[in-house]
Amino acid sequence: MASRHLLVTGGAGFIGSNFVHHVLSHTDDTVTVLDALTYAGNRASLEGLPEGRMRLVVGDIADAATVDPLVAQADAVVHYAAESHNDNSLADPSPFLHTNLIGTYTLLEAARRHGTRFHHVSTDEVYGDLQLDDPQRFTETTAYNPSSPYSATKAGSDLLVRAWVRSFGVQATLSNCSNNYGPRQHVEKFIPRQITNLIDGIRPRLYGAGTNVRDWIHADDHSSAVLAILERGQIGETYLIGADGEKNNKEVVELLLQIMGRDAGDYDHVADRPGHDLRYAIDSTRLREELGWKPAYGDFEQGLAATVDWYRANEAWWRPQKEATEAKYAATGQ
Ligand code: NAD
Ligand code: DAU
């Protein structure tokens with residue numbers, strides 16, 4: 001395949017930076033990252049990439065004057081930028097409306113003007129939650145039913161993309177992925193929060209009873225799936241991305257305690273998240289059968305152990321965020 005120039009929004013965040021690393025090591029493409037470097041963005045996540053194939057533009061996806069020339073120059077936009085953390089959306093929804101809705105709208109208008117291929121990265125949270133004993137998993141036809149300000153704005157952004165495809169012929173695909181883990185995830189999120197707590201000698205914190213289930217996938221498998229959809233996906237279609245990784249939160253904490261050599265009961269239950277979704281589960285049959293994708297990280301325990309090693313070896317990356325993140329949690333007793 002001829003090399004392309006990709007505009008990757010949110011490429012200094014967790015999954016966006018993983019995608020940039022993945023693309024630069026698996027293709028001949030070049031990349032422009034557009035990222036506002038909010039509290040969640042980190043220049044250091046883009047270090048060590050091949051010379052001359054990646055540039056970072058610091059700017060807001062909701063700023064049409066910044067966005068327009070970058071979209072015009074790109075062969076495709078891969079849109080990761082978002083406010084991404086549920087707990088923050090409960091404390092203050094307003095940046096979620098700005099970035100997830102107005103930002104996506106601004107990018108879509110530029111893609112429409114310039115006829116640029118667009119891939120929209122979204123979440124399984126748009127479908128709401130499942131009961132623990134429900135035999136069904138989410139599929140591409142599951143009805144939207146978001147629970148939090150975060151997931152409601154992501155659901156709204158998906159619907160904008162679908163409308164811009166149908167009404168204006170924008171050449172877009174969409175993907176909805178389950179919970180990611182791996183290197184360079186912000187310490188506000190569940191797994192890195194507990195790993196870095198344990199490194200600091202603090203007991204992990206489980207919301208409520210810890211029975212909520214998430215469907216874990218390694219960020220690198222998410223990246224390979226997005227690349228497959230960008231290259232072979234059908235315009236206007238949605239693909240669900242998941243790796244059959246259902247685990248409840250208590251199981252994840254117990255696994256971390258075991259990997260890090262602590263006692264199995266060495267954690268605390270704290271106040272539950274208001275409106276806390278019970279279970280997410282993805283059926284990724286369509287992606288596997290139509291596009292021939294499969295995950296490379298089969299063993300969650302191994303992937304988690306490698307993630308622990310990464311946080312142990314990269315304290316300089318996460319340490320500057322840790323104190324302020326824990327201060328935010330202290331305000332809600334979590
Ligand atoms: P993240 O919070 O780690 O990164 C988000 C990035 O977007 C940051 O670099 C931030 O600086 C940037 N950003 C925020 N507002 C911006 C703006 N207005 N303009 C430009 N850049 C801005 O998020 P993540 O966990 O890497 O998630 C990336 C995408 O993947 C999101 O769209 C999210 O909804 C989706 N997603 C995440 C998961 C997950 O498990 N984390 C799962 C499925 C889908
Ligand atoms: O499903 C995909 C979604 O996964 C993405 O769209 C979001 O961007 C991403 O943040 C993630 O959302 P969650 O709310 O599931 O992830 P979080 O890491 O915040 O929490 C995972 C689970 O762990 C959830 O059930 C809440 C719980 N939790 C979280 C924290 C931070 C705890 O029990 N203790 C904690 O300290």
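The values are calculated or read from the model by the stated rules, or taken from the named source; none is laboratory data. Note that this is a predicted model, so its numbers are computed, not measured. When we count neighbours, we look across all protein chains shown, and the Cβ atoms used for this are built from the backbone with ideal geometry, even at glycine. What goes into the accessible areas is simple: the full protein's heavy atoms, side chains included, and nothing from ligands, DNA or RNA. Shrake-Rupley method; radii C 1.70, N 1.55, O 1.52, S 1.80 Å.
Which of the residues belonging to segment 1-40 are within 16 Å of ligand 2 (Cβ to nearest atom) and out of contact with any strand residue (DSSP E or B) (no Cβ under 9 Å at 6 or more places or on another chain)?
Thr38, Tyr39, Ala40
Hey, among Ser84, Ser89, Ser45, which residue is assigned to a helix (DSSP H, G or I), closer than 22 Å to Gly156 by Cα, polar (S, T, N, Q) and within 13 Å of ligand 1 (Cβ to nearest atom)? Step through it out loud before you land on a result.
Working: Ser84 fails: assigned to a helix (DSSP H, G or I); Ser45 fails: closer than 22 Å to Gly156 by Cα.
Of the residues listed, the single one that is assigned to a helix (DSSP H, G or I), closer than 22 Å to Gly156 by Cα, polar (S, T, N, Q) and within 13 Å of ligand 1 (Cβ to nearest atom) is Ser89.
Here are some residues: Val121, Val187. Which one is under 16 Å from the mean Cα position of the chain (by Cα), more than 25 Å from Glu254 (Cα to Cα), within 10 Å of ligand 2 (Cβ to nearest atom) and of a type in the set (A, V, I, L, M, F, W, C)? Explain how you work it out, then say what you get.
Details: Val187 fails: more than 25 Å from Glu254 (Cα to Cα).
So the residue among Val121, Val187 that is under 16 Å from the mean Cα position of the chain (by Cα), more than 25 Å from Glu254 (Cα to Cα), within 10 Å of ligand 2 (Cβ to nearest atom) and of a type in the set (A, V, I, L, M, F, W, C) is Val121.
Considering only strands (runs of 3 or more DSSP E) fully contained in segment 185-295, which possess at least 3 residues that are within 16 Å of ligand 1 (Cβ to nearest atom) and over 26 Å from Tyr39 (Cβ atoms)?
On the way: elements: 205-207, 213-215, 238-241, 246-248, 268-270.
In segment 185-295, the matching strands (runs of 3 or more DSSP E) lie at 238-241.
Table: residues versus (1) closer than 20 Å to Trp317 by Cα; (2) not small (Gly, Ala, Ser).
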{"position": "Ala143", "(1), (2)": "no, no"}
{"position": "Ala155", "(1), (2)": "no, no"}
{"position": "Val170", "(1), (2)": "no, yes"}
{"position": "Leu174", "(1), (2)": "no, yes"}
{"position": "Arg184", "(1), (2)": "yes, yes"}
{"position": "Arg205", "(1), (2)": "no, yes"}
{"position": "Gly210", "(1), (2)": "no, no"}
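Which numbered condition in (1) touching a helix residue (DSSP H, G or I) at 6+ places or on another chain (Cβ under 7 Å); (2) within 20 Å of Gly333 (Cα to Cα) is the only one that Tyr280 fails?
(2)
Which one is farthest from ligand 2 (Cβ to nearest atom), of the residues in segment 267-287 that are over 24 Å from the mean Cα position of the chain (by Cα) and surrounded by 14 or more Cβ atoms within 10 Å (Cβ to Cβ)?
So the first thing to find is which residues in segment 267-287 are over 24 Å from the mean Cα position of the chain (by Cα), and the list is 267-271.
The next check asks that each one be surrounded by 14 or more Cβ atoms within 10 Å (Cβ to Cβ); those that pass are 267, 270.
On the way: Tyr267: 9, Val270: 7 Å.
Only one residue fits best here, namely Tyr267.
Before we move on, is Leu130 within 17 Å of Ala76 (Cβ to Cβ), in contact (Cβ under 8 Å) with a residue 60 or more places away in the chain and in contact with a Phe, Trp or Tyr (Cβ under 8 Å, 6 or more places away or on another chain)?
Criteria not met by Leu130.
Return only the number of the condition from (1) surrounded by fewer than 20 Cβ atoms within 10 Å (Cβ to Cβ); (2) touching a residue at least 40 places away in the same chain (Cβ under 8 Å); (3) within 11 Å of ligand 2 (Cβ to nearest atom) that Asn248 does not satisfy.
Every listed condition holds for Asn248 apart from (2).
Give me the residue from segment 175-184 that is assigned to a loop (DSSP other than H, G, I, E, B) and open to solvent by less than 10 Å² (accessible area, probe 1.4 Å) and, out of that set, farthest from ligand 2 (Cβ to nearest atom). Step through it out loud before you land on a result.
We begin by selecting, within segment 175-184, every residue assigned to a loop (DSSP other than H, G, I, E, B); these are 178-179, 182-184.
Right, trim to open to solvent by less than 10 Å² (accessible area, probe 1.4 Å) and you get 178, 182.
Values: Ser178: 5, Gly182: 13 Å.
Filtering first and then ranking leaves Gly182.
Among the residues of segment 22-31, is there at least one that is of a type outside the set (Phe, Trp, Tyr), free of Cβ contacts under 8 Å to residues at least 40 places away in the same chain, open to solvent by less than 50 Å² (accessible area, probe 1.4 Å) and in a helix (DSSP H, G or I)? Steps first, answer last, please.
Filtering segment 22-31 for residues of a type outside the set (Phe, Trp, Tyr) gives 22-31.
With free of Cβ contacts under 8 Å to residues at least 40 places away in the same chain added as a condition, the list becomes 24-25, 28-31.
If we keep only those that are open to solvent by less than 50 Å² (accessible area, probe 1.4 Å) as well, we get 24, 29-31.
Now restrict to residues that are in a helix (DSSP H, G or I): 24.
Within segment 22-31, one or more residues are of a type outside the set (Phe, Trp, Tyr), free of Cβ contacts under 8 Å to residues at least 40 places away in the same chain, open to solvent by less than 50 Å² (accessible area, probe 1.4 Å) and in a helix (DSSP H, G or I).
Can you tell me which residues in segment 17-43 are within 16 Å of Val187 (Cβ to Cβ) and among the hydrophobic types (A, V, I, L, M, F, W, C)? Steps first, answer last, please.
Restricting attention to segment 17-43, the residues satisfying the condition of being within 16 Å of Val187 (Cβ to Cβ) are 17, 38-42.
Selection gives Ala40 alone.
Provide a single number: the residues in segment 139-154 that are of a type in the set (A, V, I, L, M) and away from ligand 1 (no atom under 15 Å from the Cβ).
1
Within the group Pro95, Pro146, Pro135, which residue is in contact with an Asp or Glu (Cβ under 8 Å, 6 or more places away or on another chain), in a loop (DSSP other than H, G, I, E, B) and open to solvent by 30 Å² or more (accessible area, probe 1.4 Å)? Break it down stepwise before answering.
Working: Pro95 fails: in a loop (DSSP other than H, G, I, E, B); Pro135 fails: in contact with an Asp or Glu (Cβ under 8 Å, 6 or more places away or on another chain).
Pro146 is the lone residue from the list that is in contact with an Asp or Glu (Cβ under 8 Å, 6 or more places away or on another chain), in a loop (DSSP other than H, G, I, E, B) and open to solvent by 30 Å² or more (accessible area, probe 1.4 Å).
Determine, yes or no, whether Thr123 is modelled with pLDDT of 95 or more and more than 15 Å from ligand 1 (Cβ to nearest atom).
It is false that Thr123 is modelled with pLDDT of 95 or more and more than 15 Å from ligand 1 (Cβ to nearest atom).
Looking at Val57, Val67, Val77, which is the one that is within 12 Å of ligand 1 (Cβ to nearest atom), assigned to a strand (DSSP E or B) and touching a helix residue (DSSP H, G or I) at 6+ places or on another chain (Cβ under 7 Å)?
Details: Val67 fails: assigned to a strand (DSSP E or B); Val77 fails: within 12 Å of ligand 1 (Cβ to nearest atom).
Going through Val57, Val67, Val77 in turn, just one is within 12 Å of ligand 1 (Cβ to nearest atom), assigned to a strand (DSSP E or B) and touching a helix residue (DSSP H, G or I) at 6+ places or on another chain (Cβ under 7 Å): Val57.
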